[in-house]
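The values are calculated or read from the model by the stated rules, or taken from the named source; none is laboratory data. Since this is a predicted model, take the numbers as computed values, not measurements. Cβ sites come from the backbone with ideal geometry, for glycine too, and all protein chains shown count toward neighbours. These accessible areas exclude ligands, DNA and RNA; they are computed on the full protein's heavy atoms, side chains included. Shrake-Rupley method; radii C 1.70, N 1.55, O 1.52, S 1.80 Å.
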Amino acid sequence: MIMAQIIVLIVAIALIAGIIWWFFGKHTESSERAMVNDQHQTATVIVHGGYSPERVVLKKGVPATVNFEMKDGTACLSHVVFSKLGIDKDLTKQPVTSIKIPTDKAGEYNFACGMDMFHGKVVVK
């Protein structure tokens with residue numbers, strides 16, 4: 001009986017450490033600049049266990065589209081929400097969902113999953 005208790009204690013400590021790292025650990029943020037072709041810029045964000053890249057940089061004044069490529073069936077990631085832009089898109093209806101981003105002025109547009117657990121950002125410079 002004592003060996004089972006020791007194993008349970010070790011597993012519990014490992015899980016607690018993992019949760020602390022997940023929520024409070026310093027994680028690097030992946031970033032990508034949009035590709036500009038024929039006076040239009042596009043960027044693709046892969047949705048798989050989160051957003052990759054988490055930060056997309058757009059050029060101010062050039063019309064832009066950010067494509068969300070869905071590769072994850074998780075309910076939380078089934079929607080992407082740009083609260084500042086009033087956008088809430090269902091990503092499960094098609095493999096790639098395109099969202100037009102205004103680039104008329106510099107600024108940042110945060111986006112998140114439907115449950116606000118995973119986050120990303122579009123930066124217009």
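Numbers at a glance
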quantity: Number of positions in region 100-120 that are over 14 Å from the mean Cα position of the chain (by Cα) and open to solvent by less than 40 Å² (accessible area, probe 1.4 Å); calculated: 3
quantity: All positions within region 35-60 that are touching a Lys or Arg at 6+ places or on another chain (Cβ under 9 Å) and either open to solvent by 60 Å² or more (accessible area, probe 1.4 Å) or part of a strand (DSSP E or B) (or both); calculated: 36, 41, 43, 46, 47, 48, 55, 56, 57, 58, 59, 60
quantity: Filtered residue count, region 90-103, keeping only those that are among the charged types (D, E, K, R) and at pLDDT 95 or above; calculated: 1
quantity: Search result, residues across region 30-44 that are farther than 22 Å from residue 91 by Cα and among the acidic types (Asp, Glu); calculated: 38
quantity: In region 70-91, the residues that are among the polar types (S, T, N, Q) and out of contact with any strand residue (DSSP E or B) (no Cβ under 8 Å at 6 or more places or on another chain); calculated: 74
quantity: Number of the exception - residue 32 against (1) modelled with pLDDT of 90 or more; (2) assigned to a strand (DSSP E or B); calculated: (1)
quantity: Some residue of region 7-16 being touching a strand residue (DSSP E or B) at 6+ places or on another chain (Cβ under 6 Å) and either open to solvent by 60 Å² or more (accessible area, probe 1.4 Å) or of a type in the set (A, V, I, L, M) (or both); calculated: no
quantity: Positions within region 87-99 being surrounded by 12 or more Cβ atoms within 10 Å (Cβ to Cβ) and outside any strand (DSSP E or B), in sequence order; calculated: 91, 92
quantity: Every residue from region 20-29 that is surrounded by 10 or more Cβ atoms within 10 Å (Cβ to Cβ) and not in a loop (DSSP other than H, G, I, E, B); calculated: 20, 21
